[in-house]
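See structure below.
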Amino acid sequence: RTLIALIAGLVVFGGVVASASSLGGVSSRALGSGASVVASCDTDGVALAYTTAFDAPSGTYRVSAVTVSGIAAACSGQQIEVALRNSAGTASVSTARTTVSGTSQSLTVDPTYDAAAVDSASVLILAP
């Protein structure tokens, strides 16, 4: 099952964020809920796809990876991280930061996360 969810960007220490779609209400001065591109190396947003597998002991599908696609070439060499959020908007699990090396990047979710609990995701792209 593939889920596509994007939400608000965060700017941390000169970091930049990209997310697809625009709900308005989010800017680099006032971060909050919504989905918007805040700042710069990728101005048109990105898309997310989830890798899931059925976990028989728990009886649930678990997210084991997130693929971020549509990353602008200008982001190459910067750091990327994805946080999966539940319906309360709480970041429940984050991927390890890794260096952007192309227009599509796969990030491992460890520990795996219940796919049904994923309501949205935050993508953080920032200077190393």
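Points worth noting:
- Computed from backbone phi, the HN-Hα couplings of the range 52-62 come to 10, 8, 6, 9, 4, x, 8, x, 10, 7, 10 Hz, rounded to whole numbers (Karplus: 6.51 cos²θ - 1.76 cosθ + 1.60, θ = phi - 60°; Gly and Pro given as x).
- For Gln78, residues with placed amide H under 5 Å, excluding near neighbours: Val100
- Computed from the Cβ-Cβ distance with R0 of 22 Å, the FRET efficiency linking Thr103 to Ala53 stands at 0.30.
- Other-chain or far-sequence residues with amide H under 5 Å of Ala121's (modelled H): Leu6, Ile7, Arg85
- For the range 117-128, 3J(HN,Hα) per residue [Karplus equation, 6.51 cos²θ - 1.76 cosθ + 1.60, θ = phi - 60°, Hz, x = Gly/Pro]: 8, 6, 9, 6, 8, 10, 10, 10, 10, 9, 5, x
Coordinate-derived values only; no laboratory data. Note that the structure is a prediction, hence the values are computed from the model and not measured. Note that each Cβ is placed from the backbone with ideal geometry, even for glycine, and that neighbours are counted across all protein chains shown.
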